[in-house]
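Structure record follows, encoded as structure tokens.
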Amino acid sequence: DQQVKQNSPSLSVQEGRISILNCDYTNSMFDYFLWYKKYPAEGPTFLISISSIKDKNEDGRFTVFLNKSAKHLSLHIVPSQPGDSAVYFCATRGVDSSYKLIFGSGTRLLVRP
Amino acid sequence: EAGVAQSPRYKIIEKRQSVAFWCNPISGHATLYWYQQILGQGPKLLIQFQNNGVVDDSQLPKDRFSAERLKGVDSTLKIQPAKLEDSAVYLCASSPGQKNIQYFGAGTRLSVL
């Protein structure tokens, strides 16, 4: 059973517009969430994170929103650029002592020039 | 600062053969992770080391997979014997500690024929 779900396998957006990537999770005990970006033939790279004590975290063009009651988070990219085209993974830190990351299946973002 | 190094980048083997992957983490990082990423899925943790001790290997198929991190620095992951379903990208990551951001290597793409 998937504890972190990214229901949209792909998303296509025009350059300059907003990209919104969504993620749902099942366990209300999860308290820390991350987004990673992955280009082809490279490993995932950390993008932005949010703690459950916040509902928003912003870093430049990237903003993550957390809705704890809905067990939902989203990543907003404004404005979107062609270089943002990549696969985006949502992840949460597990609640056991290992703090291991649990990843969603990813959303492939294509930003059209 | 050098990133996480992995080798080889690609490996093609036949089923029932053995294969080994190598990872050199970022200098000074105490925590090392091996993930398996099957096409269309997110990375799944196989094993996590803290220095040279195992923190979590609950998702490691121990009948065929083994991993070690001698001296608490670099690590090897072995599959013996390989099955068709082991075809995946094997990612190594490291972090200063268990609660810190994880940095990923580029991965080893394994094809089992």
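Using a cutoff of 8 angstrom between alpha carbon atoms and counting only pairs six or more residues apart, the relative contact order for chain B works out to 37 percent.
Of the trypsin sites (Lys or Arg not before Pro) found in the stretch A:1-59, those in coil by DSSP whose Cβ has at most 15 other Cβ atoms within 10 Å are A:Arg17, A:Lys54.
As an equivalent ellipsoid, the protein assembly as shown spans semi-axes of 30, 20, 16 angstrom, where each value is the square root of five times an eigenvalue of the C-alpha gyration tensor, largest first. Of the trypsin sites (Lys or Arg not before Pro) found in the stretch B:4-52, the ones in coil according to DSSP and having at most 13 other Cβ atoms within 10 Å of their Cβ are B:Arg9, B:Lys15, B:Arg16. Shielding of peptide A:88-98 by partners, expressed as the average count of other chain Cβ atoms within 10 Å per residue Cβ, is 3. Using a Gaussian network model of chain A whose springs link C-alpha atoms within less than 10 Å, name the residue from A:Ser12, A:Ser69, A:Ser52 with the highest mean-square fluctuation. The residue with the greatest mean-square fluctuation here is A:Ser69. Computed with the Debye formula from one identical point scatterer per Cα of chain B, without solvent, the log10 of I(q)/I(0) at q = 0.21, 0.23 Å⁻¹ comes to -1.13, -1.33. Phi-derived couplings, Karplus 6.51 cos²θ - 1.76 cosθ + 1.60 at θ = phi - 60°, listed residue by residue for the stretch B:84-90: 4, 6, 7, 4, 5, 9, 9 Hz, with x used for Gly and Pro. Remark on B:Val19: its backbone amide H falls under 5 Å from those of B:Ile79, a criterion applied only to residues 5 or more positions apart or on other chains, H modelled at 1.01 Å from N.
What dipole magnitude, in Debye to the nearest 20, does the protein assembly as shown give about its Cα centre under +1 on Lys/Arg Cβ and -1 on Asp/Glu Cβ? Walk me through the numbers before you get to the answer.
Values: 26 positive and 19 negative charges, 60 e Å.
Magnitude of the dipole: close to 300 debye.
For a straight C-alpha distance cut-off of 17 angstrom, the aspartates and glutamates reachable from A:Lys54 (same-chain residues fewer than eight places away being disregarded) are A:Asp24, A:Asp31. Backbone phi angles across the stretch A:32-44, fed through the Karplus curve with coefficients 6.51, -1.76 and 1.60 (θ = phi - 60°), yield HN-Hα couplings of 8, 10, 9, 10, 10, 10, 9, 8, x, 6, 10, x, x Hz in residue order; Gly and Pro are listed as x.
The per residue volume of the convex hull around the alpha-carbon atoms of chain A is 102 Å³.
The aspartates and glutamates within cross-link reach of A:Lys100, meaning a Cα-to-Cα straight distance under 12 Å and a gap of 8 or more places when in the same chain, are B:Asp56, B:Asp57.
Computed from the mean reciprocal separation of all distinct C-alpha pairs, what Kirkwood hydrodynamic radius does the stretch B:41-102 have, in Å? One over the average 1/r among Cα pairs gives 12.7 Å for the stretch B:41-102. Computed 3J(HN,Hα) for the stretch B:37-43, one whole-Hz value per residue from the Karplus formula 6.51 cos²θ - 1.76 cosθ + 1.60 where θ = phi - 60°, is 10, 7, 3, x, 10, x, x, glycine and proline marked x.
Values in this text are rule-based calculations from the coordinates and carry no lab data. Since the model is a prediction, treat every value here as computed from it, not as a measurement. Counting neighbours? That spans all protein chains shown, and the Cβs are built from the backbone with ideal geometry, glycine included.
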